[in-house]
Amino acid sequence: MHDSALVLFSGGQDSTTCLADALSRFRRVETVGFDYGQRHNAELAQRAVVRHELQARFPAWRERLGDDHVIDLQVLGQISDTALTRDTAIAMADSGLPNTFVPGRNLVFLTFAGALAYRRGLQVIVTGVCEADYSGYPDCRDDTMKAMQLALSLGMDRRVVIDTPLMWIDKAATWQLAHALGQQADPAGGGEALVDVIVEHSHTCYAGDRSQRHAWGYGCGVCPACELRAAGWQRWRAGPAPSAV
């Protein structure tokens with residue numbers, strides 16, 4: 001029975017939801033973030049804020065949330081010519097992928113996370129990648145995660161589990177999952193409390209904009225990350241579609 005986890009925690013909506021999910025399931029949880037020269041490095045500053053808010057608002061999770069780690073991967077940004085690591089407009093590349101795709105990013109993240117989990121004695125690596133509602137990034141696919149789990153397990157000669165709680169759900173369902181996790185931790189209003197933490201303190205915007213406040217949180221409102229988050233919020237708040245008569 002696994003009782004410890006390392007969460008890849010960027011400070012965004014998805015990774016915050018994954019962190020809450022891990023805190024609901026594991027006795028000991030640590031977090032890791034990566035500084036790879038991303039333009040939206042506002043997310044790095046928000047990581048500590050989100051962690052503090054989770055501990056302050058959810059006493060049931062307070063003792064479970066352990067150390068945080070930030071790994072310097074500036075070299076990844078230096079070799080990446082993408083809209084997330086360069087001051088360039090977001091567009092579709094000739095490859096058919098958006099130029100926000102940072103080649104090898106999740107592969108590198110998981111390799112370093114695997115090494116850290118090995119050293120810290122953590123059994124499960126949790127990441128918020130998703131195939132159901134994403135930008136087409138090949139390193140977010142379920143097959144990629146399974147291949148990385150096998151490679152890490154073989155390379156470290158121990159069983160490594162990569163857990164992907166959001167793999168098959170869209171952004172509306174991610175908002176709903178956060179609400180359910182908060183409510184489970186604190187039946188007296190915890191659902192809205194966790195949603196509020198995500199809205200007010202998590203960061204998703206590729207432009208790194210925290211000057212504009214929307215119903216779903218802070219961001220420029222026009223980049224793909226903001227559009228996806230906003231659309232999911234609207235679908236979730238609208239509730240299930242009425243049945244056809």
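Of the numbered criteria (1) surrounded by fewer than 21 Cβ atoms within 10 Å (Cβ to Cβ); (2) among the small types (Gly, Ala, Ser); (3) not in a loop (DSSP other than H, G, I, E, B), the one Ala225 fails is (1). Taking the residues in region 13-36 that are among the small types (Gly, Ala, Ser) and part of a helix (DSSP H, G or I) as candidates, determine which candidate is nearest to the chain's Cα centre (by Cα). Filtering region 13-36 for residues that are among the small types (Gly, Ala, Ser) and part of a helix (DSSP H, G or I), the one nearest to the chain's Cα centre (by Cα) comes out as Ser15. For region 127-141, the candidate set comprises residues that are in contact with a Ser or Thr (Cβ under 8 Å, 6 or more places away or on another chain) and modelled with pLDDT of 90 or more; within that set, the residue that is farthest from Ala5 (Cα to Cα) is Cys130.
So that you can scan it fast, the table gives a plain yes or no per residue for (1) touching a His at 6+ places or on another chain (Cβ under 7 Å); (2) loosely packed, with under 15 Cβ neighbours inside 10 Å:
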{"site": "Asp139", "(1), (2)": "no, no"}
{"site": "Val160", "(1), (2)": "no, no"}
{"site": "Ala188", "(1), (2)": "no, yes"}
{"site": "Cys205", "(1), (2)": "yes, no"}
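Please determine, by comparing only the residues of region 23-44 that are over 21 Å from Arg105 (Cβ atoms), touching a residue at least 60 places away in the same chain (Cβ under 8 Å) and among the hydrophobic types (A, V, I, L, M, F, W, C), which one is surrounded by the most Cβ atoms within 10 Å (Cβ to Cβ).
Within region 23-44, the subset over 21 Å from Arg105 (Cβ atoms) is 23-29.
Next, only the ones that are touching a residue at least 60 places away in the same chain (Cβ under 8 Å) stay: 23-24, 26, 28.
Next cut, among the hydrophobic types (A, V, I, L, M, F, W, C) only: 23, 26.
Working: Leu23: 24, Phe26: 21.
My answer is Leu23.
The values are calculated or read from the model by the stated rules, or taken from the named source; none is laboratory data. Being a predicted model, the structure only gives us computed values, none of them experimental. Here Cβ is always computed from backbone atoms with ideal geometry, including for glycine, and neighbour counts include all displayed protein chains.
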